[in-house]
1. Go over the candidates 571, 604, 577 one by one and state the one that is over 22 Å from residue 233 (Cα atoms) and modelled with pLDDT under 70.
2. Please enumerate the residues belonging to the range 312-339 that are in a helix (DSSP H, G or I) and in contact with a helix residue (DSSP H, G or I) (Cβ under 6 Å, 6 or more places away or on another chain).
3. Does residue 59 qualify as being modelled with pLDDT under 75 and surrounded by fewer than 18 Cβ atoms within 10 Å (Cβ to Cβ)?
4. Of everything in the range 214-231, what is of a type outside the set (S, T, N, Q), more than 18 Å from residue 295 (Cβ to Cβ) and part of a helix (DSSP H, G or I)? Give them in sequence order.
5. Criterion first (at pLDDT below 85 and closer than 30 Å to residue 246 by Cα) does residue 200 satisfy it?
6. Does residue 634 satisfy being in contact with a Cys (Cβ under 7 Å, 6 or more places away or on another chain), more than 25 Å from residue 239 (Cα to Cα) and in contact (Cβ under 8 Å) with a residue 60 or more places away in the chain?
7. For the range 346-378, name all the residues that are modelled with pLDDT of 85 or more and surrounded by fewer than 15 Cβ atoms within 10 Å (Cβ to Cβ).
8. Within the range 429-487, considering only strands (runs of 3 or more DSSP E) that don't extend past its boundaries, which have at least 1 residues that are surrounded by fewer than 20 Cβ atoms within 10 Å (Cβ to Cβ) and at pLDDT 85 or above?
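The values are calculated or read from the model by the stated rules, or taken from the named source; none is laboratory data. Remember, predicted model here, so these are calculated numbers, not experimental data. So basically every Cβ, Gly included, is an ideal-geometry build from the backbone, and we count neighbours across all protein chains shown.
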Amino acid sequence: MKTLFYPRLAWDGLRKNKRMVFPYILTCICMICMFYILAFLSSPTVIELLPKGKDTAGLVTTLGYIVIGIFSVVFLYYTNSFLIRRRTSEFGLYNVLGMNKWNLVRIITLESLITSAISIVVGLFFGIALSKLAELGYVKIIGGTVTFDLHVNGICVRNTVVCYLVIFAIIWLSSVIRIRKSTAVSLLKSENTGEKAPKANWLLGILGVVILAAAYHIAVSIDNPIMAILWFFVAVVMVIIATYLLMISGSVLFCRLLQKNKKYYYAPGHFVSVSSMVYRMKRNGAGLASIAIIATMVLVMTSSASCLWFGTQDMLKKNYPGEINLSVRFHKNGLLEKENIDNFRSIIEDFEEETGSETQVIMDVPCIQASVMQSDDRLYFESEGNITSINGIRTVIFIPLYVYNRETGQNITLNEGEALAFSKKVSFDRDVIVLDTHEGLLDFKLMNKGVKKFYAFNELQDLFPQITIVVPDLGAVDTFLGDREEIAYCTRMWRYSFDLNESPLSEIDYTHKLREKIWDDVPDTFDDGTDYIVVSDIREYEAADHIALNGSLFFIGCVLSVVFIFAAVLIIYYKQISEGYEDCKRFEVMRKVGMTKKEIKSSINSQLLAVFYVPLVFAGLHLAFAFPMIDKMLVVFGLMNKGLFLLTTSITFAMFAVFYTIVYKATSNVYYNIVTAAK
């Protein structure tokens, strides 16, 4: 009997506190299940089913389960701290009745073993059961080969068990240390100890506003996508710090201001709620901040991942204008002449006739492209080592006048030394443009007045600010740049993209044979490999890599969003329970002095509306100011459809707001039942 005493006591402790313990175990099960599923999806068995982009997909899924593991440590530790705090009086009573600290540690150890065993066993069960469904959905999204063989990955099971045993061991150790350091009196009075009314800390509140304003300024002021990536994590850390400062200190200040408004404060529906909020904001402000941060993470992940996935085709069409895209790149100056371009074009047209195919030309542009540093009206052609400032980098593209007239339908004429210049994302309102290689200068008089704007390649215009310069012919620029290899990212090329409407050959075979014909039929004056190289991209073939990356990000974003939403719901639920137990005595006194149930409910609604919608408002603000920065980061992935991102962001926020309202309604009933003793 004595042997089973402590196990029975531990089991009864969990059973009697099931209102708090069950959600905790459910969260553990969810995280273990998701961890195993993502570990399973990153295993070679699943990755081999994908058509292409195996390395990309494997990396993304691996990062996904690592994120869940790290988040589990932080969140489960936070949740367990709440459970221990709620049960300190129970442990204090055991201590007073004769149990020493080691006996209490024994109970906590047994409870930890029970919750850990249930969580790991049930979590793995559901993880294994749902892994096949997740595999089918994941592989189907990316376009791989679906199989219906059900198998269990032993390595993933082992990694999951080891990971969460370590996490539960850390949580158990923290609980033991907390109990060992406490006295019987402190344990008994832990929940009844009065808390002093917190003072409104103006300094921390102002500091929070300043940090948040600085983070918002960074988010909306950065124009360069590369800089957006570099500063994104800095802005995220600043937003997190500012949110906690404002929620903890600013919320107290807000409640104090409400108290000073006598007309509002002394109303029956507001008096109790505002008084309660003042006392608890010091401690629970962190909980509200956590909800706001988690909500922001969910919104950012879901909206950006959804935008990438649904914008994949748009991304492909901008990066690969035609179904087949050829690029002839010349290694020497003097080869990018109209006569040579015509020779290459004739070879392609002859091959079309020989094969009985029909094509539609999408792009036919000879150009010189380079990365330069801009200073006023001067463009410096630097070596790679001299480009130190990202903000000054420009992508400059020179195209001949006949291409501009053909694409815009105009009939502009330019004399030698004259040019047209069009820029986007950067101001370039000049009369003269000067090219500087540090060894010579070449200047052009700009004749932009009354002409249509034209940008050479749309897919490049948002990564770095692009300057398209239209010159009478490319010969002068080609000769000026010479064969200096030290000029950074300088490319002479002819881009030719087309759709293959009809052909007896597949796109891959057509492209392969066309390349062979170009090598065979190019005049002997060209030395293949030394003078030029032909690069070909097939949109359908290249799509596999994009689908693998975007599909993986979309799937992982959905999984992590589910985990984070679960965490936010649990924080809200525990917050309602803890505040309900704290407020029940206050409302009992108010009932005795004549406060009706209707007035109690009105007071509760006033309090919950004021508190629980604050995180949603903060999340919406964070998302709105982060929008410009995330939009620029998506450009790095090749997505430049701001309208699509705005649509996915709006839909995501609307859906989350509806879900948040449902959670608020459900948990507010729990709070009401506690404070009114309805159940």
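1. Values: 571 fails: modelled with pLDDT under 70; 577 fails: modelled with pLDDT under 70.
The conditions single out 604.
2. Start the filter on the range 312-339 by keeping residues that are in a helix (DSSP H, G or I), which leaves 312-319, 338-339.
Passing the criteria: 312, 316, 318, 319.
3. Working: modelled with pLDDT under 75: yes; surrounded by fewer than 18 Cβ atoms within 10 Å (Cβ to Cβ): yes.
It is true that residue 59 is modelled with pLDDT under 75 and surrounded by fewer than 18 Cβ atoms within 10 Å (Cβ to Cβ).
4. Quick first cut of the range 214-231, residues of a type outside the set (S, T, N, Q) only: 214-220, 222-223, 225-231.
Applying the additional criterion that residues be more than 18 Å from residue 295 (Cβ to Cβ) yields 214, 217-218, 220, 222-223, 225-231.
Passing the criteria: 214, 217, 218, 220, 225, 226, 227, 228, 229, 230, 231.
5. On the way: at pLDDT below 85: yes; closer than 30 Å to residue 246 by Cα: yes.
In short, yes.
6. On the way: in contact with a Cys (Cβ under 7 Å, 6 or more places away or on another chain): yes; more than 25 Å from residue 239 (Cα to Cα): no; in contact (Cβ under 8 Å) with a residue 60 or more places away in the chain: yes.
When the stated conditions are applied, residue 634 does not pass them.
7. 346, 349, 350, 353, 354, 356, 358, 360, 361
8. Working: elements: 432-436, 441-446, 466-471.
Because the criterion is at least 1 residues that are surrounded by fewer than 20 Cβ atoms within 10 Å (Cβ to Cβ) and at pLDDT 85 or above, the strands (runs of 3 or more DSSP E) in the range 429-487 that meet it are 432-436, 441-446.
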